[in-house]
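Take a look at the structure below.
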Amino acid sequence: MEQDDLSDIQTEARSQNLVRAIERFIRVLNKQAGEKHAAKVILEGAVLQGSKLEQKPERFIEEELIEPVMQVLGYEPRFQPTGFNGLGGRYPDFTALNLDITNFGEVKKPGRIQNARKESFEYLQMATNRPIVGIATDGFVWILHTATDPEEEPAYTHHVTLHDLFEKIRLEQTQPNAKRRSRTHLRDLSQKFVSQFNASHVEELVIDN
């Protein structure tokens, strides 16, 4: 089997598993936050409120969405890691243990992606290790910054939004008469994300440069 064929199979499998992870997340969100607030978060871009969850939103997102999605992408995530050079005692929200390059990510609740991006970029500038990768996400939007050389400033690399995928899955689940979307249609919406953010691609992107 050629490498391109294997890559296509892996992308298809990741896309399918991403759809399943988001389906599970939406069911949990509906249950814990209530369908009315969940609808506002998913369909209107409202900020997820901790008062609706009776839990810190960032922790909820980490457990119910970020960790499953990271696993789909081929990462072994660890949350609240320590030991990064140059951060002055501060620590990011997560790192991937199975990457051979320094990496970390910032998680904010849905609707606060700009806060996640700002903090992630600050950490990348402070960190002394190179090459380095930083991911910022609110679960719905994912942003990747990279830096390869010691004197290099972090560079914006990828930016993918999954709002359309979340909306279609949520409508499918909650509208009794809604036509069930084909798995192909939903997988197609996720392919750009899994292609650009999977662990192998991200590692190769930095090491090859």
Of those in segment 184-201 that are at pLDDT 95 or above and of a type in the set (A, V, I, L, M), the residue farthest from the chain's Cα centre (by Cα) is A199
Residue set P81, P57; condition surrounded by 18 or more Cβ atoms within 10 Å (Cβ to Cβ) and either among the aromatic types (F, W, Y) or free of Cβ contacts under 8 Å to residues at least 60 places away in the same chain (or both); output residue P57
key: So I22, is it under 21 Å from Q114 (Cα atoms) and modelled with pLDDT of 95 or more   = no
When restricted to L18, L29, the only residue assigned to a helix (DSSP H, G or I), without any contact (Cβ under 8 Å) to a residue 40 or more places away in the chain and either of a type outside the set (D, E) or surrounded by 15 or more Cβ atoms within 10 Å (Cβ to Cβ) (or both) is L29
Is it the case that segment 75-91 has a residue that's among the β-branched types (V, I, T) and either in contact with a strand residue (DSSP E or B) (Cβ under 8 Å, 6 or more places away or on another chain) or part of a helix (DSSP H, G or I) (or both)?
-> no
Checked T137, T174, T148 against criteria (in contact with a Pro (Cβ under 8 Å, 6 or more places away or on another chain) and either basic (K, R) or touching a residue at least 40 places away in the same chain (Cβ under 8 Å) (or both)); the one match is T148
* Going by the structure shown, is V72 β-branched (V, I, T) and more than 17 Å from I169 (Cα to Cα)? -> yes
Only one of (1) in contact with a Pro (Cβ under 9 Å, 6 or more places away or on another chain); (2) under 17 Å from A21 (Cα atoms); (3) without any contact (Cβ under 8 Å) to a residue 60 or more places away in the chain; (4) of a type outside the set (D, E, K, R) does not apply to L189, and that is (1)
Among residues of segment 32-41 being free of Cβ contacts under 8 Å to residues at least 24 places away in the same chain and not hydrophobic (A, V, I, L, M, F, W, C), the residue nearest to G111 (Cα to Cα) is K40
| task | Please verify whether segment 62-73 includes one or more residues that are more than 28 Å from A33 (Cβ to Cβ) and in a loop (DSSP other than H, G, I, E, B). | result | no
Residue set G111, G105; condition of a type outside the set (V, I, T), crowded, with 18+ Cβ neighbours inside 10 Å and either under 13 Å from the mean Cα position of the chain (by Cα) or not in a loop (DSSP other than H, G, I, E, B) (or both); output residue G105
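The values are calculated or read from the model by the stated rules, or taken from the named source; none is laboratory data. The structure presented is a predicted model; accordingly, all values stated were derived computationally and were not measured. Ideal geometry is used to build each Cβ from the backbone, glycine not excepted, and the neighbour counts take in all protein chains shown.
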